[in-house]
1. Show me 105-118, 60-73 ranked by packing, highest mean number of other Cβ atoms within 10 Å first.
2. Can you show me the helix-derived [θ] at 222 nm for the chain, built from DSSP H runs with n ≥ 4 at -39,500 (n - 2.57) apiece and divided by the number of residues, rounded to the nearest 500.
3. Rank PRO458, PHE421, ALA119 by how far each Cα sits towards the positive end of the charge dipole of the chain (+1 on Lys, Arg Cβ; -1 on Asp, Glu Cβ) and give me just the farthest.
4. If eta is 1.002 mPa s and T is 20 °C, what Stokes-Einstein diffusion coefficient results for the stretch 147-247, Kirkwood Rh from Cα pairs, in µm²/s?
5. Report the label-to-label distance for ARG263 and ASP528 in nanometres (one decimal), using points 7 Å from each Cα along the Cα→Cβ vector.
6. Please sort 14-27, 507-520, 35-48, 184-197 by packing, taking for each peptide the average over its residues of neighbouring beta carbons within 10 angstrom, highest first.
7. Would you kindly compute the Cα radius of gyration of the stretch 196-308 and its largest Cα-Cα separation (Dmax), both in Å?
8. Just the number: Rg to Rh for the stretch 404-483, Cα atoms, Kirkwood Rh, two decimals.
Amino acid sequence: MSGSAFILDGYVDEPACLGVPPYLSPYIRTVAGALAGHGFTVRYLTIDQLRKDPLRTAELNASDLLVMIAGVTVPGKYLGGTPATLTEIQQIGHMVRGPKKLLGGPIGLGYAGEGGEKAVRQVIGGFDALLSGEPAIALDNYLAGNDPAGALDYTRTDPWSIAGAGVVSQHPDFPYVMCELETARGCSHGATGGCSFCTEPFYGMPRYRTADAVAGEVAALYAHGARHFRVGRQPDILAYGAGAGEYPAPEPENVEGLFSAIRAAAPDLKTLHIDNTNPATIARHEDAARETLRVIIRHHTSGDVAAFGMETADPAVVAANNLKANADEVFRAIGIVNEEGGMRRDNVPELLPGINFVCGLAGETEQTYDLNEQFLARVLKAGLMVRRVNIRQVMPFEGTRAYTENTLGKHERRFKKFKEFVRTKIDLPMLQRVFPLGTVLRDVRVEVAGDLSFGRQPGSYPILVGIPLRLPERTVTDAVVVDWGMRSVTALPVPVRINELPASAVRWLPGVGKKKVAAVIAKRPFGDLAAYRKVAGGSVVDGVMEF
Ligand code: SF4
């Protein structure tokens, strides 16, 4: 079978893989490569493009093959896109007529509408086959006339990741697409069963891609115009290429080989970030971890985040769920990443930790939340920086222990209070510490236009930037921080053209506020900074003003 094929991206989010825009998951690229290998011309469409323009269904109908990739196994909230719901996937299965229809990705593990709900394995009608296991391999087997199933095998997927790299240029966010790069699959903590809620141990013990394979893919993506990369598809980047055992020591030379090869393959890349980092690896192997963090910082771009799956500060919950690290280990790891990555480049810290909490795990009590709050207060008091605190309710999947052992629904009020505590008592002072007034954020790209436009920098967990101006979507601008929200900053485009700004934006200037805005507007135009200062006083944005 050959002809024209569509990949319909319903987006994926897994513990160690993100594919919600502006991220493009590795699945899409390897599937594109496998299709090309069978002689298909490949077109790419996102679920959001289809929602906006349902008439595009006609293009799907006219194709020979449709491969839909979807599935969210960790609950999240997204600005750049909305993952396909189960209803939408079923509708596509039934309403698209014409091509053979295949469905693959983590949707095969089950579906839940949001965190706090069990993910149930569903029979999804309307598709000709469910691609079981690794989508590209299952697809290749299917197209060769075999069962639509197959386990990951890098010797097969690596060439497809190169052959399918060109699909990046069809992404609606191109060239601001963040290419999620895979370096490993599976988790060493799985040696003792893994964390109770996590689906990564389904992939077995870690297998690593070679640095050459990753660099080959990066070179192909780069040749097609990609400039933003995240080495995010692995449970622990520090353990890249490490030896056996549940908590292997980092081998800095392996990480050096990987990152220098990526840099050589994409010399003018704009973003190179990381994601998951196991705090236990850092706490248990401090010297090797420090050296490896330095390697990453030498090669990456600043504003990077090492995401720690902490889940809880309660030792009883750690024990009940076989979690990888206890609170003291996480605290130590936060300190180490701050020491190695807290310095600023391009105005933002090089590399900061992020913390994930998962609520509703077995063994949780009301006191668990007290301990979580005390832990975060300790981090704040110690003067440490954390880029963001992520709080989710567990989404239990069949086959994980959390599927039958959890405390979902038992502490709802306390859970909400905990979230409120973090938003008001932790997030705000942390943002003030990480992004002080006057910080100029480079290359903020507007994703949502409105009287208050929202944008983000390309990167791992970029801060949400509210700009009190109507800016067209996709505008890219530097912006100076003038205030903070709970989980966002307010910023104005740089240079701040004081004589042109509308009053609704002038009021956000530090030192102006609601009180002086009328006076500032009345005295415009200002000829120079001194004239402005006479009315508004001096402030941290003086250096980026233009008259
Ligand atoms: S350490 Fe735990 S949460 Fe992280 S990938 Fe392994 S099993 Fe999953």
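The values are calculated or read from the model by the stated rules, or taken from the named source; none is laboratory data. Every value quoted in this text rests on a predicted model; they were computed, and no experiment measured them. Here the Cβ positions follow ideal geometry from the backbone for every residue, glycine too, while neighbour counts run over all protein chains shown. The accessibility values were calculated without ligands, DNA or RNA, using every heavy atom of the protein model including side chains. Shrake-Rupley method; radii C 1.70, N 1.55, O 1.52, S 1.80 Å.
1. Going by the mean number of other Cβ atoms within 10 Å, highest first, we get 60-73, 105-118.
2. Counting only the DSSP helices, I get -9500 deg cm²/dmol.
3. Comparing the listed Cα positions along the dipole, PHE421 ranks first.
4. This corresponds to a translational diffusion coefficient of 144 µm²/s.
5. 4.3 nm
6. On the way: 14-27: 24.8, 507-520: 16.4, 35-48: 19.6, 184-197: 21.6.
Descending packing order for the listed peptides: 14-27, 184-197, 35-48, 507-520.
7. 14.0, 41
8. 1.14
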